[in-house]
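Single-structure report; data block below.
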Amino acid sequence: MSESHMAQKLAASLANLHEEMSVEQMQLYQIYVTKSLEARMAEEALRAAIGEEDTADDNIADNLRDIRKVLADQEYRLSGNECVLLGCLSKQLEGEDYTDTKRINIFLQSYERKPSNTTKIADGLEKKNLIEINSDGLHSHKMYRLTQRGQASAWSLLERFSHNGNKLSVMKEQSS
């Protein structure tokens, strides 16, 4: 049955229906139609929101792949600072608010990129206002996360490496 034929049939049925229904029945029918419309609109909004979440997840997955690609390619000459920034960005994208040096060490070691002293690097990055540290003590693994400036630096670093294919250290060029 075509949509126009179905619409005509529905219009004729509704035109005759009001003659057969009492006022109370018509009010209840109106409530029913209103609730059905609200439910349909909510369902469509939910489907759109789920689609947006899927798109956001796809973007995060793409960015994580870019980070892993840069870390895995040993031709990229990354400094310890750059490795830690990319490691922090990766952990942040995975949903970790704060991460610690041990987790970053393990992550970077899986790409054979572990710096000699991640804690010392974290201290230096804190002085540059690229990360903020939350520490339980002098000899504990420090918990830290990227600051806004650190996030911007990590994204810039990732963009330069993943899009330009530049194999030289970007951090050293920025410092000069």
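Every number in this text was worked out from the coordinates using simple rules, so none of it is lab data. All of these numbers come straight from a predicted model, not from anything done at the bench. Neighbour counts run over all protein chains shown; Cβ positions are idealised from the backbone, glycine included.
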Taking Lys and Arg as +1 and Asp and Glu as -1, residues besides A154 with C-beta under 13 Å from its C-beta add up to +2
If unit charges are put on Cβ atoms (+1 for Lys and Arg, -1 for Asp and Glu) and the dipole of the chain is taken about its Cα centre, the option from I106, Q25, L64 lying farthest towards the positive end turns out to be I106
Any idea which of L130, S116, F161 is furthest toward the positive side of the dipole for the chain, if Lys and Arg beta-carbons carry +1 and Asp and Glu beta-carbons -1? S116
Please give, to one decimal in nm, the separation of the simple spin-label points placed at L46 and I133, each 7 Å out from Cα toward the Cβ. 4.8 nm
Using helices alone, what [θ] at 222 nm do you get for the chain, with -39,500 (n - 2.57) per DSSP H run of 4 or more residues, divided over all residues and rounded to the nearest 500? -24000 deg cm²/dmol
Mind checking the dipole of region 14-85: about its Cα centre, +1 per Lys or Arg Cβ, -1 per Asp or Glu Cβ, Debye to the nearest 20? 240 debye
Taking the chain as a Gaussian network, where each spring joins two C-alpha atoms under 10 Å apart, which residue of S116, S22, S153 fluctuates the most? S22
Over 18 Å (Cα to Cα) - which of K91/K114; K114/K142; K69/K114; K102/K142; K69/K91; K69/K102 fall in this group: K69/K102
Out of these labelled values of P(r) over Cα pairs in 10 Å bins from 0, in percent, (1) 9, 34, 31, 19, 7, 1, 0; (2) 9, 27, 20, 9, 7, 9, 11, 7, 1; (3) 7, 8, 9, 8, 7, 6, 6, 6, 5, 5, 5, 5, 4, 4, 4, 3, 3, 2, 2, 1, 0, which was calculated from the coordinates shown here? (2)
Provide the gained length on full extension for the span Q109 to A72, in nm with one decimal, where the gain is 0.36 nm per separating residue minus the Cα-Cα distance. 12.3 nm
Mind checking which of E20, E44, E126 has the largest fluctuation in a GNM of the chain, springs on alpha carbons under 10 Å? E20
The extension gain from N16 to S79, computed as 0.36 nm times the residue separation minus the Cα-Cα distance, is 14.8 nm
